[in-house]
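The values are calculated or read from the model by the stated rules, or taken from the named source; none is laboratory data. This structure is a prediction, so every number in the text was calculated from the model and none was measured. Cβ placement follows ideal geometry from the backbone for every residue including glycine, while neighbour counts extend to all protein chains displayed. When the accessible area is computed, the model is the full protein with side chains, heavy atoms only, and any ligands, DNA or RNA have been set aside. Shrake-Rupley method; radii C 1.70, N 1.55, O 1.52, S 1.80 Å.
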Amino acid sequence: MLGYECFKAADDRKLDTDACVRVVMRNKKLGLDQYRFLLKTIVSSGLGEETYGPRNVVDGREEFPLENDAHAEMDEIMFSTLDSLFEKTGVSPSEIDILVVDVSLFSPAPSLTSRIINRYKMRHNIKSFSLSGMGCSASMLAIDLVQQLFKTYKNQFAIVVSTESIARHWYCGKEKSMMLSNCLFRNGGSSILLTNKRDLKDRCLLKLKCAVRTNIGYDDEAYGCCIQVEDPQGYQGFLLTKNLTKAAAKAFTGNLKLLLPKILPVWELLRYAISTLGKKSTKGQNLSFNLNLKSGVDHFCLHPGGRAVIDGLGKSLGLSEYDLEPTRMALYRFGNTSAGGLWYVLSYMEAKKRLKKGDKIFMVSLGAGFMCNNCVWEVMKDGLDDTRVWEDCIDEYPRKNLVNPFTEKYSWINDECLNFVRLD
């Protein structure tokens with residue numbers, strides 16, 4: 001990886017407490033029960049006051065979005081991150097050999113890759129790929145696609161653009177399981193420049209050590225736990241079911257079985273194998289040992305999907321609050337930016353000067369399908385300290401108090417007296 005850039009919207013797009021309330025109150029289909037559900041969900045989501053929403057939602061046009069709203073949203077994210085990436089790395093758009101764009105919910109014609117090629121007048125023989133429907137784990141899938149292409153094509157430059165379209169997919173109905181996405185997903189995205197040119201090794205930030213993809217779409221529960229549907233009233237949205245946690249655990253476990261032997265030292269795998277055998281052959285004694293992931297990994301870059309996702313992954317991997325800090329802060333500051341979320345976490349690590357030459361970074365992504373796509377990077381140089389999107393606020397983090405202001409301002413909505421009042 002030669003470089004990467006994350007998107008940061010203008011301040012007038014921030015969805016603070018008051019802005020979120022205005023969006024909620026515009027939906028006249030909601031009642032007291034839905035208000036209470038939204039309050040509980042927003043408070044427990046892990047998002048702060050400075051996440052960014054699509055322009056049409058901020059302007060009050062979420063129920064009737066236009067095609068131009070989606071294009072404007074994508075153009076702003078893609079072109080601003082690519083402009084910055086080309087400027088910082090000194091690589092010209094005409095030098096790019098491979099282009100991969102992953103956006104799950106917006107697949108126009110001409111494609112988004114063609115839109116980028118047209119904007120930057122890239123070469124006619126560029127190899128371009130548009131990925132859709134891959135969800136929050138799409139960025140790791142795109143990275144793996146480039147890795148496979150690099151095995152065939154030598155001395156190449158490749159760009160991966162990871163983002164998500166929210167402008168045309170804001171849910172305007174009243175089904176609770178479909179309102180969750182409005183509370184979690186926010187505008188964001190990233191562009192990443194990769195190469196397999198050996199003479200550029202000294203300029204690279206990171207080196208991809210290995211990548212493993214897992215898709216358990218054969219499981220009906222897993223396939224339907226995170227899916228785009230219409231509600232009974234015809235409003236389109238993203239359905240998140242209670243089976244999501246179970247599906248994530250199954251996909252994650254299957255992925256680790258393939259990935260861990262590639263990244264952990266032999267002595268740690270032997271220790272775990274011996275302890276497991278001992279546990280199975282000994283009755284009445286507690287001889288359980290967990291794998292020590294830190295014997296092969298220094299940093300954990302987890303998908304900032306929500307506080308519950310972060311808590312679950314942290315518990316499963318035995319991580320400390322220090323390990324989880326970058327993911328929690330990325331979620332708090334920028335929200336769940338879908339496929340682009342991992343790069344905000346990585347940017348936090350770099351801005352905090354955590355990364356040292358030789359360090360290993362474990363990236364974990366989960367997404368619709370249901371998929372778990374993970375990889376491990378090695379830091380190639382010391383002195384990585386670019387603050388990127390954290391430039392104006394990194395000194396304020398980590399935040400000690402992550403309590404959402406909704407708790408203080410709107411806790412009255414849970415008062416039982418309101419059960420006997422008609423909300424007009």
What pairs come up if the first residue lies in segment 266-282 and is farther than 13 Å from ASN292 by Cβ, the second is modelled with pLDDT under 75 and surrounded by 10 or more Cβ atoms within 10 Å (Cβ to Cβ), and their beta carbons are under 6 Å apart, counting only those six or more places apart or on different chains? GLY278/LEU287; LYS279/LEU287
Lone unmet requirement of (1) more than 30 Å from LEU30 (Cβ to Cβ); (2) among the acidic types (Asp, Glu); (3) not assigned by the TED database to the domain that holds LEU258 for GLU164: (1)
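Which of the following residues is open to solvent by less than 10 Å² (accessible area, probe 1.4 Å) and of a type in the set (D, E, K, R): ARG333, ARG328? Quick ask: steps written out before the conclusion?
Values: ARG328 fails: open to solvent by less than 10 Å² (accessible area, probe 1.4 Å).
Exactly one of ARG333, ARG328 is open to solvent by less than 10 Å² (accessible area, probe 1.4 Å) and of a type in the set (D, E, K, R), namely ARG333.
If you check PHE79 against the conditions, is it in contact with a Pro (Cβ under 9 Å, 6 or more places away or on another chain), of a type in the set (Phe, Trp, Tyr) and at pLDDT 95 or above? Please lay out each step first, then the result.
On the way: in contact with a Pro (Cβ under 9 Å, 6 or more places away or on another chain): no; of a type in the set (Phe, Trp, Tyr): yes; at pLDDT 95 or above: yes.
No.
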Please indicate, with yes or no, whether at least one residue in segment 296-318 is at positive phi and under 12 Å from the mean Cα position of the chain (by Cα). yes
Of all residues in segment 151-162, which are assigned to a helix (DSSP H, G or I) and either crowded, with 18+ Cβ neighbours inside 10 Å or β-branched (Val, Ile, Thr) (or both)? THR152
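Quick one: in segment 55-74, of everything that is assigned to a loop (DSSP other than H, G, I, E, B) and open to solvent by 90 Å² or more (accessible area, probe 1.4 Å), which residue is nearest to GLY188 (Cα to Cα)?
Narrowing segment 55-74 to residues assigned to a loop (DSSP other than H, G, I, E, B): 59-66.
Keeping just the survivors that are open to solvent by 90 Å² or more (accessible area, probe 1.4 Å) gives 64, 66.
Details: PHE64: 22, LEU66: 20 Å.
By that ranking, first place goes to LEU66.
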Just to be sure I understand, how many residues within segment 18-39 are buried (at least 16 other Cβ atoms within 10 Å of the Cβ) and not aliphatic (A, V, I, L, M)? 5
What number goes with the only condition from (1) touching a helix residue (DSSP H, G or I) at 6+ places or on another chain (Cβ under 8 Å); (2) of a type in the set (Gly, Ala, Ser); (3) within 20 Å of LEU240 (Cβ to Cβ); (4) assigned by the TED database to the domain that holds PHE252 that ALA211 does not pass? (3)
Return the residue satisfying two criteria in turn: it lies in segment 193-238 and is open to solvent by 80 Å² or more (accessible area, probe 1.4 Å) and within 30 Å of LYS381 (Cβ to Cβ), and of such residues it is farthest from the chain's Cα centre (by Cα). ASP199
Being of a type in the set (Ser, Thr, Tyr) and open to solvent by 20 Å² or more (accessible area, probe 1.4 Å): is that true of TYR52 here? no
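If I filter segment 294-346 down to residues being among the hydroxyl-bearing types (Ser, Thr, Tyr) and assigned to a loop (DSSP other than H, G, I, E, B), which single residue comes out as nearest to MET74 (Cα to Cα)? Explain how you work it out, then say what you get.
Here is the first cut: in segment 294-346, the ones among the hydroxyl-bearing types (Ser, Thr, Tyr) are 295, 316, 320, 322, 327, 332, 337-338, 344.
Now restrict to residues that are assigned to a loop (DSSP other than H, G, I, E, B): 320, 337.
On the way: SER320: 36, THR337: 13 Å.
If we take residues in segment 294-346 being among the hydroxyl-bearing types (Ser, Thr, Tyr) and assigned to a loop (DSSP other than H, G, I, E, B), then THR337 is nearest to MET74 (Cα to Cα).
Okay, residues lined up against (1) touching a residue at least 60 places away in the same chain (Cβ under 8 Å); (2) among the hydrophobic types (A, V, I, L, M, F, W, C); (3) open to solvent by 20 Å² or more (accessible area, probe 1.4 Å):
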site	(1), (2), (3)
PHE7	yes, yes, no
ASP11	no, no, yes
LYS14	no, no, yes
SER44	yes, no, yes
LEU47	yes, yes, no
When segment 105-145 is examined, which residues are found to be crowded, with 23+ Cβ neighbours inside 10 Å and part of a loop (DSSP other than H, G, I, E, B)? MET134
In this structure, does SER165 turn out to be assigned to a helix (DSSP H, G or I), of a type in the set (Ser, Thr, Tyr) and over 15 Å from SER191 (Cβ atoms)? no
Only one of ASN401, ASN414 that is of a type outside the set (Phe, Trp, Tyr) and out of contact with any helix residue (DSSP H, G or I) (no Cβ under 9 Å at 6 or more places or on another chain): ASN401
Is it fair to say GLU408 is modelled with pLDDT under 95 and surrounded by fewer than 18 Cβ atoms within 10 Å (Cβ to Cβ)? yes
Within the set of pairs 6 or more residues apart or between chains, which connect a residue that is in contact (Cβ under 8 Å) with a residue 40 or more places away in the chain inside segment 208-236 to a residue that is among the small types (Gly, Ala, Ser) and assigned to a strand (DSSP E or B) with Cβ atoms less than 9 Å apart? CYS226/GLY367; GLN228/GLY237; VAL229/GLY237; ASP231/GLY237
Of all residues being closer than 28 Å to LEU256 by Cβ and in a strand (DSSP E or B) in segment 168-192, which is most open to solvent (accessible area, probe 1.4 Å)? Just the residue, please. PHE185
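Filter segment 347-372 down to the residues that are assigned to a loop (DSSP other than H, G, I, E, B), of a type in the set (Asp, Glu) and open to solvent by less than 20 Å² (accessible area, probe 1.4 Å) and list them by number. Give the derivation first.
Of segment 347-372, the ones assigned to a loop (DSSP other than H, G, I, E, B) are 352-359, 368-370.
From the residues that got through so far, the ones that are of a type in the set (Asp, Glu) too are 359.
Scanning segment 347-372 gives no hits.
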Could you check segment 347-402 and list, in sequence order, the residues that are under 24 Å from LEU208 (Cβ atoms) and without any contact (Cβ under 8 Å) to a residue 24 or more places away in the chain? GLY358, GLY383
